[in-house]
């Protein structure tokens, strides 16, 4: 992409602002009365370190693409690992989500863990997609070896 030098600082600032918004904690998101996300009580860790998490979601009223993201961390750790993302359908019906990912550089071990799931939309706003949170949930889970 080529742009005039005078536009580069503005584009850089807009991009930085969007990234900061995306990094905002999902636990502050509030779900509408007909929107929700759940996390299943058991996740899986494969022998190669791949983690699989799942649950359900329900959302309505989107104008941009919507995703269910998830992260996992130890119950006593502040380190979190993003585990995939699933494209969501916001039609008001309940749907299943399953996310799979391989945390690096530190693998996740079977046992007790804390999982966070978020239903987030990238809404167009003045030509820049900004995050809109539909629902968020945190849950203690058990990761089993698979």
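The values are calculated or read from the model by the stated rules, or taken from the named source; none is laboratory data. Since the structure is predicted, the reported quantities are computational estimates derived from the model, not experimental observations. Cβ atoms come from the backbone with ideal geometry, glycine included; neighbour counts cover every protein chain shown.
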*asked:* Let me confirm something: among 96, 114, which residue is surrounded by fewer than 13 Cβ atoms within 10 Å (Cβ to Cβ), modelled with pLDDT of 95 or more and under 15 Å from the mean Cα position of the chain (by Cα)?
replied: 96
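For every residue, the table says whether it meets (1) in contact with a helix residue (DSSP H, G or I) (Cβ under 7 Å, 6 or more places away or on another chain); (2) free of Cβ contacts under 8 Å to residues at least 12 places away in the same chain; (3) in a loop (DSSP other than H, G, I, E, B); (4) crowded, with 17+ Cβ neighbours inside 10 Å.
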{"site": "62", "(1), (2), (3), (4)": "no, no, yes, yes"}
{"site": "70", "(1), (2), (3), (4)": "no, no, no, yes"}
{"site": "76", "(1), (2), (3), (4)": "no, yes, yes, no"}
{"site": "92", "(1), (2), (3), (4)": "no, no, yes, no"}
_Hits in the stretch 44-78 (condition: within 16 Å of the chain's Cα centre (by Cα), under 12 Å from residue 109 (Cα atoms) and modelled with pLDDT under 95)_ = 73
*Being assigned to a loop (DSSP other than H, G, I, E, B) and in contact with a strand residue (DSSP E or B) (Cβ under 9 Å, 6 or more places away or on another chain) is the filter; apply it to the stretch 78-90 and report the residue that is nearest to residue 38 (Cα to Cα).*
88
*When you look at residue 108, is it within 20 Å of residue 140 (Cα to Cα), in contact with a strand residue (DSSP E or B) (Cβ under 8 Å, 6 or more places away or on another chain), in contact (Cβ under 8 Å) with a residue 60 or more places away in the chain and surrounded by 13 or more Cβ atoms within 10 Å (Cβ to Cβ), yes or no?*
yes
